[in-house]
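Below is one structure, written out as structure tokens; the observations come after it.
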Amino acid sequence: MDGSRIAPNHLARQLAGWDLGKGALHTLLADALRDVLAEGGLTPGSVLPSRRELARVLAVSRMTVGAAYDTLKDEGWVSTRHGAGTRVRMSSQRCAPDWHGDRLRTYAAPDTPLDLSSGALPASPLLSRALRGPWTASVRESLLLDRFVPRGLESTREAVAAAYSEQGLATTTDDIVLTNGSHHALSIVADVLVQPGDTVLVEDPTYRGALDVLGRREARVVGVPCDEEGIDPLALETAVRRDGARLLYVLPTAHNVTGVTWSPRRRREVADVIARTQLPTIDDGSTADLHAGQHPGHLGALVPPGLSISIGSLTKLFWAGIRVGWIRGSAQVLDAAIDRRVTTDLAGSVPSQVLAAELLPLAAEARDLRRAELAHTRDLTVGLLSEYLPGWTYSVPDAGACLWVDAHTDTVALAARLARARIVVIPGSHFSPTDNWTTHLRLPLGRPATLERAIPAIAGFLAEWAGGPREVATSR
Ligand SMILES: Cc1ncc(COP(=O)(O)O)c(C=O)c1O
């Protein structure tokens, strides 16, 4: 029997949306816990969070949790022994028990009016223009294709390679494999490079989807601290040597969530660590298109070629719905990636790749439009926060698509309460491999109209919250 304790935040994420149905809260909670157990999400013998801990992260009373635990005990799912807590007795164990890939789950029901859970941006106006242009003729030409192209269309790979070369990282068509977005790219690369139990280093905070991907691979994910110049190179080198890391995953430009772009000095320092420790590194450039000023260059231009893998997509500049991304890497990594991808989706969508080839040359124009749009929403949001939530603190980013704010309160509990009021926000701990950033929240800047209504509503909610949320020390 495994006596490990289930982290309250982890269980809260598995229970996402538990309170959206109708009925008494303790019944809804018992139903949701039973579903998690029946799906095999918890290991027999592991210990559930205490009533107090689970009550805190779900923002309910201890009595509600107690009543739900009692129901599951009566049904034989869990057992309790005085002093030993509530243990899982039965679980169907269909999933890997340690799977922590639960961060992209949201609390949002489809009809949630104030949904700030997603960082997705609206389609660029350039899309309508491209769709009126020669696109249909090019798609018609591609109908002659009578086979799958797992590597991706040559013309689109050429456009991606040209963009890298223009940004100072010499790239040929053969260096690129197209995917269905950068999340897919990351997932394929992780399948190729990560074995269960391998240590993977990430920035803390990082893109929450990466934590899901690495969790699914059963990696041991270790967070490395960052400052306003980027990841800390000393802490990085220590972590590589101490933990025997197999891979590093980073967001050096317009980081999702902090908006930080690594300084040129920091890039060189980190590249030196990578070269010294021979650490394969994934540079996720998905957000890099949202950089401020000149493109700061790619990490791949500074590290030995065999160690550098870059991924990217059209999502931020143009639209997430296109689902075209890519991997730039060595022939060895790309060949293995193609082997993996044919077992999952055979190949990407041809019309989407044709559209991508038409859009990529418009990147500079798309970037100017996005920057203006995001700067406008950032200023609007800063104005709303100073008016309605003046106690919340943050650095104003000059890049990226979100505002990373410190709400100076327990944001897991706050998010759980707000979800019940049909306002969905993602707490900071979702972006940390070890559930740090417990007082932070991510505000996505792609939704000005929602922010305009949500920020006053959150302020109103906090004012009404009986006694107000317990103030806690700011924590990372
Ligand atoms: C850093 C980062 N990587 C990857 C993704 C996944 O995007 P896509 O698969 O649409 O390219 C996102 C989306 O928000 C992201 O912010």
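Annotation note: Cβ proximity below 6 Å between a residue of the stretch 273-289 that is on the phi < 0 side of the Ramachandran plot and a residue that is of a type in the set (S, T, N, Q) and not in a strand (DSSP E or B) (sequence gap 6+ or interchain) occurs for Ser286/Ser182; Thr287/Asn256; Ala288/Thr253. Here Val224 clears all of (1) within 14 Å of the ligand (Cβ to nearest atom); (2) out of contact with any Ser or Thr (no Cβ under 8 Å at 6 or more places or on another chain) except the condition numbered (1). Under the condition of being more than 14 Å from the ligand (Cβ to nearest atom), out of contact with any Gly (no Cβ under 7 Å at 6 or more places or on another chain) and in a loop (DSSP other than H, G, I, E, B), the residues counted in the stretch 276-297 number 8. Residues in the stretch 1-34 that are touching a residue at least 24 places away in the same chain (Cβ under 8 Å) and aliphatic (A, V, I, L, M): Met1, Ile6, Ala7, Leu11, Ala12, Leu15, Ala16, Leu20, Leu25, Leu29, Ala30, Leu33. Taking first residues from the stretch 185-211 that are in contact (Cβ under 8 Å) with a residue 40 or more places away in the chain and in a strand (DSSP E or B) and partners that are of a type in the set (A, V, I, L, M) and within 12 Å of the ligand (Cβ to nearest atom), the Cβ contacts under 6 Å between residues at least 6 apart in sequence or on separate chains come to Glu203/Val250. Of all residues in the stretch 40-76, those being within 13 Å of His10 (Cβ to Cβ) and not in a helix (DSSP H, G or I) number 7.
Yes/no per residue for (1) modelled with pLDDT of 85 or more; (2) surrounded by fewer than 15 Cβ atoms within 10 Å (Cβ to Cβ):
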position: Asp70; (1), (2): yes, no
position: Gly76; (1), (2): no, yes
position: Tyr107; (1), (2): no, no
position: Arg147; (1), (2): yes, yes
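Restricting the stretch 321-352 to residues that are closer than 16 Å to His183 by Cα and touching a Pro at 6+ places or on another chain (Cβ under 7 Å), the residue that is surrounded by the fewest Cβ atoms within 10 Å (Cβ to Cβ) is Ile338. Could you check, for the stretch 253-272, whether at least one of its residues is assigned to a helix (DSSP H, G or I), aliphatic (A, V, I, L, M) and either within 14 Å of the ligand (Cβ to nearest atom) or more than 22 Å from the chain's Cα centre (by Cα) (or both)? Yes; the residues of the stretch 253-272 include at least one that is assigned to a helix (DSSP H, G or I), aliphatic (A, V, I, L, M) and either within 14 Å of the ligand (Cβ to nearest atom) or more than 22 Å from the chain's Cα centre (by Cα) (or both).
The values are calculated or read from the model by the stated rules, or taken from the named source; none is laboratory data. Treat the numbers as computed from the prediction; the structure is a model and nothing was measured. Using ideal geometry, Cβ is built from the backbone for each residue, glycine included, and neighbour counts are taken over all protein chains shown.
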